[in-house]
Structures are given as structure tokens and as C-alpha cells.
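Down below is the structure, laid out as C-alpha cells.
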Amino acid sequence: MVAAPTTSLPETLGGSRNWDYRFCWLRDAALTLHALVGAGHLTEAEAWRRWLLRAVAGSPSQVQPLYGLAGEHRTPEQILPWLPGYEGSAPVRIGNAAGSQLQLDVFGEVMDAFYAARKVGLPPMPEGWAMTKAMLAHLEQVWREPDEGIWEVRGRRRHFVQSKVMVWVAFDRALRSAEDFALDGPLERWRLLRDAVKAEVCAEGFNAAMGSFTQSYGDTALDGSLLRLPLVGFLPADDPRIIGTVAAIERGLMEDGLVLRYRPDAAVEGMAPTREGTFLACTGWLGEVYALQGRQAEGLAVLDRLVGLANDVGLLAEEYDTVARRQVGISPGLLASRAGQPGPGPGEEHGAAAGRLAVTPRAPPPR
């Protein structure tokens, strides 16, 4: 599953944050598997599980955040200085240096996707469970380390809260898989590790003065990925700490009804800060959290706003620039647009929020 068939589409028009996404990210693919499995597409889930086993063959310490489409491990990043870039947005890059990063959340995403697939009937695969146990044994050794996180920052590694939460997910889903499907494993050790991770996150990742979880330990910055805490079951959506986190994000990361992933910070990102578009996945997560909190009208409004930004073939890019009023960042369908071919009209509903809400798209805003 390729993240996108595009490279170097800018997060900011005229800017330098232009990355190559023609690879398979384990995180993105795992999230996509949730959608496929929920829709009954087990053949695709089984095919990706087999691809993953081939790609990560060897030591679990060598698991990467991303791979080439044929499972290639090397993804060296190069700049092509002779190309002007999309609408003057340079540099143009091929390859992606994030392939060599440590992104702890990847383990949780994969375990979560595998558990969801088992729950809906994906056939058992002994070598798949063996890989799971090997990954968890490695994770047990490295989970306390800082990492580059879900946003693949190029500054120094930090103890990102979302990364640690997904470590909790990895051990939690392994325990559920073992208990639900009679699989072997060191269940008591996994249980102790799961509890230890949760205790650390709640102690180090929550800022009592703010009443909110933060981007990283001991920080005051917010992060849109924190919206996933109730979605993965780390804490209930009505927990006061989650309510406070949502309120903080509403105050600090909302822009024109959409959610920014974070406020750019050179110290975190390792590059000059620049304005970027709202992050559409984060906006979808907010709609889901509203649904879990019983805030149906607000959830529908957020998701209706999100779906309304889709292009003429119903596709969304990574980000939306609320000033330029256009999609920016990587896109699954920039080259697939069919002018004059409208998407679903009134009455043709799009499923959203993991099936909990359905919203009717509206015409996209002017560009």
C-alpha cells in the first residue's frame, strides 16, 4: 500500500517541506487495513500481512517505519536541484530519510491492525504470531527511548506521548490476541509492561496546569495526534484528562473548523518553522472523539466540513490551506482528477467516524 503516488508536493506552497511518499509506511498501511477490514476486504488484509512478513524478515530490531513497494529496506533521500518544484516549491526530493528513523508508534499500529483482522476472521498464520512475539520482545527493550514520532521530526528525538501510547497499544493488543484466540506468549510480562507504559504516560505526558496531555514529556506544546488516545482505548473519551486535552486542542490547534497537527517549532522539527495547512487526518480524529463523547452535532459538523473539502473525485490530500483555500501536501489523486465528474450528491452518504456517523458531502469551497 503506497502512501501516495506523488513526491515533493509542498506542505506550504513555495516552501521546502516537500517529501517523497512513494513508499509503504507501516503506520499508514495499518490504518488503511482497519478501513478494509471494516468493509470486509479480508483478501487485501491477508495480502498485506504476507507482504509485511517478507519485508521485515530478519531481526525485529531492523523493523523500519517505511519500505519500498517490493520490500526494499534502503530509501536514501536525494535532492534534484535542477527541477523547479511544484509551483516553485523546491527542493524536489526522491527517497525518504525517515526510513532510518525510530518511530515507536509503528509497532502499536501493526499490532492493532492485526488484532482487528483476527476479530473479523482473518485466518491464523503461525509465522505471523511468531513475528508479533519477536517484535514485542524488541519493543520491551527500546520503548523507553525517545523517538522521531508520528510526524517524523528531523530535530532531536523526544519522548512523544503518542508514540508511548501506541507502545501501550502494542502490548494491549498482543494480550487481547492471546486471550481471545488462545495464542501462546509471556502474558504476565506483557501485562506488567502495558501497565508500566500507561503509568509513565499519565505521569510524564499530562500537564496538570494545562489540564491536557502534551506533545512530549515535560512539554507545553499540543499535538493533534493526542486525539487518538480515546480512539485506541488508552483512556475513555469522558475521562477528565481527555476532555481537557480536547478543549486545549480546540483552543490552540483549531483553524477554520479544522485541526492543525501542531504549531511549527524549529527546536522540535529540526528545520526552519513555517506555516502549514491544517491536517485532515487530525480533523477526522476530532470528529470521532466528539462522537465518543456524545457530541453528535459537533461531530457531524466537523466531518461534514472535512468531507466537503474533497476534490471532484472525492479525494483528500494530506492538508488543507485555509488561507489559500486549497489542498496541499501529499495527494492520492492529484493526477486522477476528472473535471466535470462530480462526486456523490445530496442524499448519497459517505460513512465516517468508523461507521458511527454518516455525513453528506457538500460542494468544495472555491479554490
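Structural remarks
- Inter-residue pairs, beta-carbon under 8 Å, first in a helix (DSSP H, G or I) and in region 102-114, second of a type in the set (Lys, Arg), 6+ apart: Asp105/Arg27; Val106/Arg27; Gly108/Arg173; Glu109/Arg27; Met111/Arg173; Asp112/Arg173; Phe114/Arg49; Phe114/Arg173
- Residues in region 18-60 that are open to solvent by 10 Å² or more (accessible area, probe 1.4 Å), under 15 Å from Val92 (Cβ atoms) and charged (D, E, K, R): Arg22 only.
- Of the candidates Ala291, Ala297, Ala310, Ala317, the single residue that is part of a helix (DSSP H, G or I) and in contact with a Gly (Cβ under 9 Å, 6 or more places away or on another chain) is Ala291.
- Complete set of residues in region 244-253 that are part of a helix (DSSP H, G or I) and either under 21 Å from Glu152 (Cβ atoms) or among the hydroxyl-bearing types (Ser, Thr, Tyr) (or both): Thr245, Ile249
- Contact map, region 219-241: first residue at pLDDT below 95, second residue of a type in the set (Val, Ile, Thr), Cβ cut-off under 7 Å, separation 6 or more or different chains; the map is empty.
- Extreme residue, nearest to Trp151 (Cα to Cα), among residues of region 296-321 that are open to solvent by 20 Å² or more (accessible area, probe 1.4 Å) and β-branched (Val, Ile, Thr): Val307
- Residue within region 144-164 that is over 21 Å from the mean Cα position of the chain (by Cα), at pLDDT 95 or above and either closer than 16 Å to Pro65 by Cβ or aliphatic (A, V, I, L, M) (or both) present: no
Residues checked against (1) open to solvent by 20 Å² or more (accessible area, probe 1.4 Å); (2) touching a residue at least 40 places away in the same chain (Cβ under 8 Å):
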position	(1), (2)
Ala117	no, yes
Met131	yes, yes
Ala134	yes, yes
Val153	no, yes
Gln162	no, yes
Phe181	yes, yes
Leu192	yes, no
Asp195	yes, no
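The values are calculated or read from the model by the stated rules, or taken from the named source; none is laboratory data. Because the structure is a prediction, the values reported are computed rather than measured. In this analysis, Cβ positions are derived from the backbone assuming ideal geometry, glycine residues included, and neighbour counts consider all displayed protein chains. Note: accessible area is taken over every heavy atom of the protein model, side chains too, but ligands, DNA and RNA are not part of it. Shrake-Rupley method; radii C 1.70, N 1.55, O 1.52, S 1.80 Å.
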